[in-house]
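The values are calculated or read from the model by the stated rules, or taken from the named source; none is laboratory data. Just so it is clear, the structure is predicted and the values come from calculations on it, not from any experiment. Using ideal geometry, Cβ is built from the backbone for each residue, glycine included, and neighbour counts are taken over all protein chains shown. Ligands, DNA and RNA are stripped out before the accessible areas are found, and what is left, the full protein with its side chains, is counted by its heavy atoms. Shrake-Rupley method; radii C 1.70, N 1.55, O 1.52, S 1.80 Å.
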Amino acid sequence: MDDDVLVLPSGRFRVRCDDRMIRAHGLRYATARRFEPCVPVPTADGVVDATTRGPAYPQLPSRLAFVVGTRATELVQDEDCLVLDVVAPRSGDTPKPVMVFFHGGAYVTGSGQSPLHDLTAMAEEGDVVTVTVNYRLGMFGYLAIDGLVPANLGLLDQIAALRWVHGNIGGFGGDPGDVTIFGQSAGADSVSHLMIADGTEGLFRRAILQSAPLGIQRGRGPMSHAMGVAARAALGPDPKAADTQDVLAAQSTVAAAAAAFGTRAQMSFGPQTGHYPLPPEDQVDARRREVAGRLPVMIGTTADDARPFLMLNPRLAPVFDAPLVGSTARRLAGTTVTNRLFAGPSAAFARQHRRDGGHATTYVFDWQPAGSALGACHCIELPFLMGSFDEWNRAPMLGTDARRALAEFGPPMRRLWWEFARGVRDDVDEHVRLPRR
């Protein structure tokens, strides 16, 4: 693979190229001081290197490591990390559809720079331009502290990334007027908020929501307020000067303040309605009605989305680990809570979107390895979507022999995604079960 210099409105960038694809890593779309809204980057002087991955945002270890595994080589972590990656096919003169992905991780872990989120297979098979985005996490990006920190900084980062895409993606052969945003878990929750946020009209025209935790999206105001009070006490008089690790330590203390609010504490950080750029919660439904007719959506879940979170609960361990009845208990409890927090609210979202004049494709992903205690769990669709088995082969959720399943079911799954991005399903309401056997 060779290097080449790509000229964009934001500057000149050294990227990696071969005869089929262009890859650019760590493209800076904005900068930000801690606890302040981001600002666009000025046009770069000289040639900027975009051949190596950028850093991840500072974070604590993921609680779902027992599901997705951990990589032997972790990304460097740095607060200066508002960057994105682009993978684009080289062939053709017609502008291509663009797909922008927002990673999950409960707004406290994950990175768009991770090789786990490499969308090369999607770009190659669908002849689309793909983008993966970093944004601020946890207390750095998703908690208002009265008098100190505004809410929704991470959401504003995502909007800034979409504006960068709108202004620059044409240099990669992408069509800025044909952008699909998609995300998984917290990334899907982000997509649902971007659909109704101020300042996003015209930045995308379709949306895909994968395993969005919509069952805990409403009624979060009292919890966020309690966390803000705890954060003010934990951070001291000058939170902008605190060491990064001290802020992360305080974040754990602040998250503990959410425990009294029940299942909402499963995703304690996140966008806050009633704070720019989001409407008050009692106006969310009206805003969704306004946008439904111009934003086709695809929304779905895995069959056992909630099961890993139940397995993290020590009070349930004696039942789940019991001989004879443990597997049945995991299955029944997982199905019940999946329907309450993920599948039921997602189906309701699709029905309401249709009633409001929009089109919705729904899906359920139900593949699982034989004998898996995790089932078709949260995140299990991601390796099929990304197609990068070598990056995911240490994920416990995939079992010991998933390569054949990924090769068989990955391409048709990705096809459904890129066909949606190409507008094939803009006027279709349907339900799909994945994988299609």
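Filtered by the rule that a residue be more than 19 Å from Gly173 (Cα to Cα), open to solvent by less than 40 Å² (accessible area, probe 1.4 Å) and either of a type in the set (Val, Ile, Thr) or in contact with a Cys (Cβ under 7 Å, 6 or more places away or on another chain) (or both), segment 19-37 gives a lone residue, Ala30.
For every residue, the table says whether it meets (1) part of a helix (DSSP H, G or I); (2) in contact with a Leu (Cβ under 8 Å, 6 or more places away or on another chain); (3) of a type in the set (A, V, I, L, M, F, W, C).
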| position | (1), (2), (3) |
| --- | --- |
| Ala233 | yes, no, yes |
| Thr253 | yes, no, no |
| Gln272 | no, yes, no |
| His275 | no, no, no |
| Val291 | yes, no, yes |
| Arg294 | no, no, no |
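Only one of the numbered conditions (1) outside any strand (DSSP E or B); (2) buried (at least 24 other Cβ atoms within 10 Å of the Cβ) is not met by Val131, and that is (1). Based on this model, can you work out whether Pro396 counts as touching an Asp or Glu at 6+ places or on another chain (Cβ under 9 Å) and farther than 14 Å from Gly300 by Cα? Criteria not met by Pro396.
Residues are listed down the side, and each one gets a yes or a no for (1) of a type in the set (Val, Ile, Thr); (2) within 15 Å of Thr302 (Cα to Cα):
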{"residue": "Ala317", "(1), (2)": "no, no"}
{"residue": "Phe320", "(1), (2)": "no, no"}
{"residue": "Ser327", "(1), (2)": "no, no"}
{"residue": "Thr335", "(1), (2)": "yes, yes"}
{"residue": "Ala347", "(1), (2)": "no, yes"}
{"residue": "Ala350", "(1), (2)": "no, no"}
{"residue": "Ala360", "(1), (2)": "no, no"}
{"residue": "Tyr363", "(1), (2)": "no, yes"}
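Of the residues making up segment 161-176, those that are in contact (Cβ under 8 Å) with a residue 60 or more places away in the chain and out of contact with any Phe, Trp or Tyr (no Cβ under 7 Å at 6 or more places or on another chain) are Arg163, Val165, Gly167, Asn168, Ile169, Gly170, Gly171, Phe172, Gly173, Gly174, Asp175, Pro176. For segment 379-434, the set of residues classified as over 25 Å from Ala186 (Cβ atoms) and among the polar types (S, T, N, Q) consists of Thr400 only.
Quick one: in segment 1-25, which of the residues that are of a type outside the set (Gly, Ala, Ser) and part of a loop (DSSP other than H, G, I, E, B) is modelled with the highest pLDDT?
If we filter segment 1-25 for residues that are of a type outside the set (Gly, Ala, Ser), which is where we start, we get 1-9, 12-23, 25.
Checking which are part of a loop (DSSP other than H, G, I, E, B) leaves us with 1, 9, 18-20.
Details: Met1: 61, Pro9: 95, Asp18: 90, Asp19: 88, Arg20: 92.
Per the stated criteria, the residue is Pro9.
Of the helices (runs of 4 or more DSSP H) contained entirely in segment 315-419, those carrying at least 2 residues that are modelled with pLDDT of 95 or more and open to solvent by less than 50 Å² (accessible area, probe 1.4 Å) fall at 326-338, 344-355, 382-386. Of the set (1) touching a Lys or Arg at 6+ places or on another chain (Cβ under 7 Å); (2) free of Cβ contacts under 8 Å to residues at least 60 places away in the same chain, all apply to Ala407 but (1).
Run down Gly177, Gly215, Gly202 and say which single residue is open to solvent by 20 Å² or more (accessible area, probe 1.4 Å) and either touching a Cys at 6+ places or on another chain (Cβ under 7 Å) or part of a loop (DSSP other than H, G, I, E, B) (or both). None of the other options fit; the residue is Gly202. What do you reckon, is Gly293 small (Gly, Ala, Ser) and open to solvent by less than 50 Å² (accessible area, probe 1.4 Å)? No: the conditions fail for Gly293. Listed by first and then second residue, the pairs linking a residue in segment 264-293 that is free of Cβ contacts under 8 Å to residues at least 40 places away in the same chain to a residue that is not hydrophobic (A, V, I, L, M, F, W, C), with Cβ atoms under 7 Å apart and 6 or more places separating them unless they lie on different chains, are Pro280/Thr273; Pro280/Gly274.
The residues listed here are Gly147, Gly92, Gly112, Gly167; of these, the one that is in contact with a strand residue (DSSP E or B) (Cβ under 9 Å, 6 or more places away or on another chain), small (Gly, Ala, Ser) and open to solvent by 20 Å² or more (accessible area, probe 1.4 Å) is Gly167. Kindly indicate whether any position in segment 325-346 is under 29 Å from Pro412 (Cβ atoms), among the β-branched types (Val, Ile, Thr) and under 21 Å from the mean Cα position of the chain (by Cα). Yes, there is a match, as at least one residue in segment 325-346 is under 29 Å from Pro412 (Cβ atoms), among the β-branched types (Val, Ile, Thr) and under 21 Å from the mean Cα position of the chain (by Cα).
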